[in-house]
Amino acid sequence: MPFLFQLQFSIGIFFWLLGCLALGTGYAFLLYHANRNLSATLRKLLFVFRALVIALIAFLLFAPLIKFTSPTLEKPLIILAQDNSLSIGVSKPEGFDPAGYEKRFRALERQLAKDYEVRSFSFGQAVSSGLKFDHNDRVTNIASLYEGVQDRYSGRNIGAVVLASDGIYNRGGNPQFGSSSLKAPVYTIALGDTIPKKDILISNVNYNNIAYLGNRFQIEVGVDAFQSRGVSGRLTVKDHSGTVFSEVVPVNSNEFRRTIPVTLSAKAKGIQKYTIAVSPVAGELSRENNTQTIYVEVIDGRQNVLILANAPHPDITAIKQSVEENENYEVRSVLAGEVAPADISKADLVILHQVPSSVNAAAAVLQQIANKPALFVLGAQSNTSAFSASQPVLSITGAGAVQEATANISSDFQAFTLSEATATRLNNMAPLLVPFGNYGVKGPVSVLMTQQIGRVATSMPLLTFSAQGQRKTGVLAGEGIWRWRLEDFSENGNHDAVNELLTKTVQYLSVRDDKRKFRVYTAKNTFDENERVVLNAELYNDSYELVNTPDVKVNLKNSAGKRYSYIFTRTRNSYILDAGILPPGEYSYAASADLGGKNHTAEGRFVISQLQAELQQTTANHQLLYSLAQQSGGRMLYPDQLDRLTGLLRSNETIKTVSYENRRYEELIDLKWLFFLILALLTVEWFLRKRNGEV
């Protein structure tokens, strides 16, 4: 590589150089002009040595700069990218020779490497270095190729991108947007077959991952058929008990698409497997896409909310409608005098509307709910004395009437968060009717709303919570929620503010604290087959502090009985396990850890679903490949035209070698060879003087 340097001159440096030469010459003249002990030739030689040394040392005192120049030639970078997705291996045009194509493509790689810098990649679900032709990737993300090239070679001399694909993508964004960022021509190799083949398939299944035990839920099954007019397929849905749905699907066109709703019942708790299949037709392209398997987690997670009312009241309907907006809750209202013990034992949360009342203290009811989360709603009929004795939150003394109080949201509340819009709305709602009296808190409480009487903001609680022991208790010290709900709808056209307040209140009171000392859980219940399975573990000591001293072991087992054993990796104070990519199927796990001589265990299940995106669309999209080439200044070629690609690249004037000139500036005194030059001149001068008798 050529290497040049140049001393940076200016007018000041030029005159300084002349002065240094004059200084060196004058010093050498004084030293050697009058010396007659040396021969004339030797005096002249020593004169030159001394003049150069003095001039050079004096010149270095000015710290002149020297410029170094090193030119660099960068060859064009050619990116070869081969689509390794399943659709290319499934749908091949007549006469296409995969082995011959692979041989020609590798020959192209070697030929281009003679004149260009070549980098080869394969892409599908991810981008990897090197060329692969096994076509096993279950998804295609063409946009990730452009992102990967941009990340790796940003700022480089990218000459061209050679993209061999069928134009089908089912992950990522539209590749036409990503190609423009490379600022390089794209030459596409059109693989696959654009002629639709005879095929009937399950194209899509829309469903919710979670259903509730005892409920009916719906899935939507998309059935597509190509070149199959006149045939009929039978759509079936099966679970562990057998066929739960069956319907004949007549195909009336060669481009057939239909979405079929299927209603199923959640009869058993846990992860339920449903196999959705359409019967094959003779001579179809692939039978693998005739079946899809989905997994729905059926949970018995609906919590029962029981409203115990002193008497019928519009608040009860308002509370019930707001809470039932969340399908996780089932709400039932009963008069306190008619409630059965079974109703109370079944409830996860009890809302007591003006219970105990001035008419009936309901001592028996209060005793039955002593260990259950409860929300007390006070009003004009509340017995404040009995209320004060029945819960650990508030005491109200001297009450005998009611007064109006509006809500004032507290900024210090931390148990849960209301949106800013909801907090603003609640602050401007109509007043509630609250018992008049002296309010006092009994222990540690969290106050969400305080009472504002007219224009006076007080510290008296309006909505308060306490979490003592295993029981959570809330108190809404006023009636009239129904007015809030009507006002919310009148002003905003919805009940969002009141719904959010009541839903989060019920959720906070009814949530069960997990007191297990050993917990193991997956990031989610269902993984795609190309996703890495990650498990987390937490271990607590007797003080419920996280520890990660012991080893945590786990065994995974799939439905076929194959086992996988792992040891969790410690994080800061817990554990994590990356089990990698596992085969599709249902898995159970059993983990264990020993702490303080006691063995802790945890179990669970998850599912890995098989991806069929590549089999749901097999007709090549050469129009996309043509557009990619045209918008970037490239060309679309077919596999039998690979030999033309080298000539096209050479004839493209934009694909040229780029020359870069690297410049850097250093002070002249930093050059080590100058030191050795000065030392050599002085050494030679001293030697010659010494040899001729001069000191």
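I'd like to know if the stretch 322-330 contains one or more residues that are among the polar types (S, T, N, Q), buried (at least 22 other Cβ atoms within 10 Å of the Cβ) and not in a loop (DSSP other than H, G, I, E, B).
Yes: the stretch 322-330 contains one or more residues that are among the polar types (S, T, N, Q), buried (at least 22 other Cβ atoms within 10 Å of the Cβ) and not in a loop (DSSP other than H, G, I, E, B).
Would you mind stating whether Glu694 is farther than 30 Å from Gly155 by Cα and modelled with pLDDT under 80?
It is true that Glu694 is farther than 30 Å from Gly155 by Cα and modelled with pLDDT under 80.
Test Ile200 against the criterion of being over 32 Å from the mean Cα position of the chain (by Cα), within 18 Å of Val149 (Cβ to Cβ) and open to solvent by less than 30 Å² (accessible area, probe 1.4 Å), and give yes or no.
Judged against the criteria, Ile200 is not a match.
Which residue, of Ser459, Ser466, Ser490, is farther than 13 Å from Thr406 by Cβ, in a strand (DSSP E or B) and open to solvent by 70 Å² or more (accessible area, probe 1.4 Å)?
Being farther than 13 Å from Thr406 by Cβ, in a strand (DSSP E or B) and open to solvent by 70 Å² or more (accessible area, probe 1.4 Å) holds for just one of Ser459, Ser466, Ser490, which is Ser459.
Just to verify a result, which residue in the stretch 631-659, among those that are of a type in the set (Gly, Ala, Ser) and part of a loop (DSSP other than H, G, I, E, B), is surrounded by the most Cβ atoms within 10 Å (Cβ to Cβ)?
Among those residues, the one meeting the criterion is Gly634.
Among what's in the stretch 608-618 and is assigned to a loop (DSSP other than H, G, I, E, B), among the polar types (S, T, N, Q) and more than 22 Å from Pro98 (Cα to Cα), pick the residue that is least open to solvent (accessible area, probe 1.4 Å).
Looking at residues that are assigned to a loop (DSSP other than H, G, I, E, B), among the polar types (S, T, N, Q) and more than 22 Å from Pro98 (Cα to Cα), I get Gln612.
Starting from the stretch 362-391, keep only residues that are under 19 Å from Leu462 (Cβ atoms), then list their pairs with residues that are acidic (Asp, Glu) and at pLDDT 90 or above whose Cβ atoms are within a distance under 8 Å, requiring at least 6 positions of separation or different chains.
Pairs found: Val377/Asp315; Val377/Glu479; Leu378/Glu479; Gly379/Asp315; Gly379/Glu479; Ala380/Glu479.
Which condition breaks for Val296 when tested against (1) within 31 Å of the chain's Cα centre (by Cα); (2) crowded, with 19+ Cβ neighbours inside 10 Å; (3) assigned to a loop (DSSP other than H, G, I, E, B)?
So Val296 meets the others, but not (3).
Would you check which residues across the stretch 526-547 are in a loop (DSSP other than H, G, I, E, B) and open to solvent by 60 Å² or more (accessible area, probe 1.4 Å) and list them?
Of everything in the stretch 526-547, those that are in a loop (DSSP other than H, G, I, E, B) and open to solvent by 60 Å² or more (accessible area, probe 1.4 Å) turn out to be Arg532, Asp542, Ser543, Tyr544, Glu545.
Inspect all residues belonging to the stretch 163-182 and state whether any of them is free of Cβ contacts under 8 Å to residues at least 12 places away in the same chain, in a helix (DSSP H, G or I) and open to solvent by 20 Å² or more (accessible area, probe 1.4 Å).
Checked the stretch 163-182: no residue is free of Cβ contacts under 8 Å to residues at least 12 places away in the same chain, in a helix (DSSP H, G or I) and open to solvent by 20 Å² or more (accessible area, probe 1.4 Å).
Here's the yes/no breakdown for (1) open to solvent by less than 60 Å² (accessible area, probe 1.4 Å); (2) β-branched (Val, Ile, Thr); (3) at pLDDT 90 or above; (4) within 16 Å of Trp482 (Cα to Cα):
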position: Asn371; (1), (2), (3), (4): no, no, no, no
position: Leu375; (1), (2), (3), (4): yes, no, yes, no
position: Gln381; (1), (2), (3), (4): no, no, yes, no
position: Ala399; (1), (2), (3), (4): yes, no, no, no
position: Ile409; (1), (2), (3), (4): yes, yes, yes, no
position: Asp412; (1), (2), (3), (4): no, no, no, no
position: Leu432; (1), (2), (3), (4): yes, no, yes, yes
position: Phe436; (1), (2), (3), (4): no, no, yes, no
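Looking at Arg563, is it open to solvent by 80 Å² or more (accessible area, probe 1.4 Å) and either closer than 30 Å to Ala467 by Cβ or out of contact with any strand residue (DSSP E or B) (no Cβ under 8 Å at 6 or more places or on another chain) (or both)?
Judged against the criteria, Arg563 is not a match.
Determine whether Ser144 is crowded, with 20+ Cβ neighbours inside 10 Å, without any contact (Cβ under 8 Å) to a residue 40 or more places away in the chain and either within 24 Å of Pro639 (Cβ to Cβ) or of a type in the set (Phe, Trp, Tyr) (or both).
Against the criterion (crowded, with 20+ Cβ neighbours inside 10 Å, without any contact (Cβ under 8 Å) to a residue 40 or more places away in the chain and either within 24 Å of Pro639 (Cβ to Cβ) or of a type in the set (Phe, Trp, Tyr) (or both)), Ser144 qualifies.
Looking at Pro550, Pro583, which is the one that is of a type outside the set (Gly, Ala, Ser) and open to solvent by 60 Å² or more (accessible area, probe 1.4 Å)?
Sole residue among the options that is of a type outside the set (Gly, Ala, Ser) and open to solvent by 60 Å² or more (accessible area, probe 1.4 Å): Pro583.
Looking only at the stretch 207-240, count every residue that is modelled with pLDDT of 90 or more, within 24 Å of Asn525 (Cβ to Cβ) and open to solvent by 20 Å² or more (accessible area, probe 1.4 Å) and tell me the total.
4
Using beta carbons and a limit of 9 Å, which pairs, at least six apart or on different chains, have the first residue in the stretch 95-115 and open to solvent by 50 Å² or more (accessible area, probe 1.4 Å) and the second one of a type in the set (Lys, Arg) and not in a helix (DSSP H, G or I)?
Short answer, once both residue conditions are applied: Pro98/Lys92; Asp115/Lys75.
Go through (1) touching a residue at least 24 places away in the same chain (Cβ under 8 Å); (2) crowded, with 17+ Cβ neighbours inside 10 Å; (3) outside any strand (DSSP E or B); (4) out of contact with any Leu (no Cβ under 7 Å at 6 or more places or on another chain) for Val53 and report which single condition fails.
Going through the list (1) touching a residue at least 24 places away in the same chain (Cβ under 8 Å); (2) crowded, with 17+ Cβ neighbours inside 10 Å; (3) outside any strand (DSSP E or B); (4) out of contact with any Leu (no Cβ under 7 Å at 6 or more places or on another chain), Val53 breaks only (4).
Quick one: would you say Thr601 is assigned to a loop (DSSP other than H, G, I, E, B) and either open to solvent by 60 Å² or more (accessible area, probe 1.4 Å) or not acidic (Asp, Glu) (or both)?
Against the criterion (assigned to a loop (DSSP other than H, G, I, E, B) and either open to solvent by 60 Å² or more (accessible area, probe 1.4 Å) or not acidic (Asp, Glu) (or both)), Thr601 does not qualify.
Given the structure, is Gly270 open to solvent by less than 60 Å² (accessible area, probe 1.4 Å), free of Cβ contacts under 8 Å to residues at least 60 places away in the same chain and not β-branched (Val, Ile, Thr)?
So Gly270 does not fit the description; no.
Looking at the stretch 261-283, which of its residues are among the basic types (Lys, Arg) and part of a loop (DSSP other than H, G, I, E, B)?
Hits for the stretch 261-283 are Lys267, Lys269.
Taking the options Pro341, Pro312, name whichever one is free of Cβ contacts under 8 Å to residues at least 24 places away in the same chain and open to solvent by 50 Å² or more (accessible area, probe 1.4 Å).
Pro312
Out of the stretch 413-453, which residues are of a type in the set (Val, Ile, Thr), in a strand (DSSP E or B) and within 43 Å of the chain's Cα centre (by Cα)?
Val447, Thr450
Could you tell me which of the residues Asn573, Asn621 is of a type outside the set (A, V, I, L, M), at pLDDT below 95 and surrounded by 17 or more Cβ atoms within 10 Å (Cβ to Cβ)?
Asn621
The values are calculated or read from the model by the stated rules, or taken from the named source; none is laboratory data. It should be emphasised that the depicted structure is a prediction, and the values quoted were computed from it without experimental measurement. Every residue, glycine as well, gets a Cβ built from its backbone with ideal geometry; the counts of neighbours run over all protein chains shown. Accessible surface areas use protein heavy atoms only, side chains included; no ligands, DNA or RNA. Shrake-Rupley method; radii C 1.70, N 1.55, O 1.52, S 1.80 Å.
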